[in-house]
């Protein structure tokens, strides 16, 4: 008799999260970005999770909108698509036009989702506490803190007034900048459960084939990506902390002068002056190819164990970084670099600070 093929552990874990439901799926998505905690096998498998659930009834969405804006739907909207543009665990999005003719999207919180989320979070936290009691690996990974960070993240997504305020501020920060476009929010039509924003169209940042078809200047796009990051983190100290490919698009109306479009500003990050200084010193050391300084900074900050071999850590960082300086900026995948860095850093018990992982 032939042996029954065994499903890899990472895949079994992903399938289990899918069966447990949307809150667990979103938690798995969060874990997939924490490559400082997970092996490449697990992180890659969890990255396949999709936060897609069947839409709730359009009549329910319309009733929610009318209740929140205090008037009939046709008093505010010229057209409204009852078929959702997208449907996720926390909310779904509908296309519409205002009576003025402006194209918008309407985000509506899923009814009853807060209770479901809180019940599932309690279960996830209880599991994390049990694992930390039983496993030294779980304690090293700080599972309880990971769950607590996730709780803040997903509960923030339930308050669309918070997302509205974040969007308005980020838009103001880049109002006269060619780097980043943030859609306009219609405050008079928005509330805790409903968010109405300008409809923007662009090419997903992950769709390199389409970007190339449009003749997009990828070198300039990469340079502007770095500049946008520096501007958010160091000039404004107010940065979009959920910049995965589904939230970042490229305006290719002028391919020689491309700019970014950011949506979904529910999660925003800010750093202390100390964290800003630490990050700046690391970036300067990276571009100066001063790997001894990088190792020193990581040791002084407690990111790596005081018992770790500093020379070995410096050598590891050098091996990771140097190949990147041999390539044009447009060809550098900083995501690939971070994956390699986190994978190597696990050998040194590197502890990554959550506020900087954002």
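All of the numbers you see were taken from the coordinates with simple rules; none came from a lab. Just so it is clear, the structure is predicted and the values come from calculations on it, not from any experiment. Here Cβ is always computed from backbone atoms with ideal geometry, including for glycine, and neighbour counts include all displayed protein chains.
Between the beta carbons of residue 52 and residue 131, assuming R0 = 30 Å, the FRET efficiency works out to 0.60 to the nearest 0.05. Between residue 41 and residue 319, the distance separating the two model label sites (each 7 Å from Cα on the Cα→Cβ line) works out to 2.1 nm.
For the range 56-187, just say rounded, prolate or oblate: build the C-alpha gyration tensor, square-root its eigenvalues into a ≥ b ≥ c, call rounded for a/c under 1.5, and beyond that prolate if a/b exceeds b/c, oblate if not. Can you show the working numbers first?
Working: a/c = 3.41, a/b = 1.75, b/c = 1.95.
Oblate.
Going 7 Å from the Cα of residue 114 in the Cα-to-Cβ direction, what parts of the range 145-170 have a backbone nitrogen less than 18 Å from that spot? Correct set: 151-165. Principal axis analysis of the Cα atoms in the range 166-269 yields extents of 40, 29, 23 Å, listed in decreasing size. Counting neighbouring beta carbons within 10 Å and listing from fewest to most, the residues 265, 321 come out as 321, 265. With a simple spin-label model that places each label point 7 Å from the Cα along the Cα-to-Cβ direction, the separation between residue 177 and residue 18 comes to 3.8 nm. Taking a ≥ b ≥ c as the square roots of the eigenvalues of the alpha carbon gyration tensor, the range 58-111 is oblate, as a/c is not under 1.5 and a/b does not beat b/c.
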